[in-house]
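A short reminder: the numbers here are calculations on the coordinates, not readings from a lab. It should be emphasised that the depicted structure is a prediction, and the values quoted were computed from it without experimental measurement. A quick note on method: Cβ atoms are made from the backbone with ideal geometry, for glycine too, and the neighbour counts reach across all protein chains shown.
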Amino acid sequence: MHDGTQRAPGDPANGSLLEAIFETAGSVILGLHPDHTIFAWNRAAELLYQVPRSEALDTDYVGRFIAPEHQAAVRADITE
């Protein structure tokens, strides 16, 4: 009997399904803090940018990956 405190395997609320989707998605998924530092970086991001997660996390996404002439516009778009 399910008492409401345990999650069934594959239940998205337990995180494992979401983690699997995040890691196996064919599209880049990244998470940015309001100051544009990276807090999430999936495998597709590693492949596209050729930067391992360990090097990408806690760095300024805009400063590192956006051409200088486009940084102001991208920062404004992210902020909105």
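The residues neighbouring His36, those whose beta-carbon lies less than 14 Å from its own, together hold a net charge of -3 under the Lys/Arg +1, Asp/Glu -1 convention. Report the percentage of all Cα-Cα pairs in the range 17-76 whose separation exceeds 13 Å, rounded to a whole percent. Cα-Cα pairs in the range 17-76 separated by more than 13 Å: 62 percent. Rounded to the nearest 20, the Cβ-based charge dipole of the range 9-80 about its Cα centre (Lys and Arg +1, Asp and Glu -1) stands at 120 debye. Rounded to whole numbers, the Karplus 3J(HN,Hα) couplings from phi for the range 58-64 are 6, 10, 6, 4, 5, x, 8 Hz, using 6.51 cos²θ - 1.76 cosθ + 1.60 with θ = phi - 60°, and x at Gly and Pro. In a shell of Cβ-Cβ distance under 13 Å around Ile78, excluding Ile78 itself, what net charge do Lys and Arg (+1) and Asp and Glu (-1) give? Around Ile78, the charge tally is -3.
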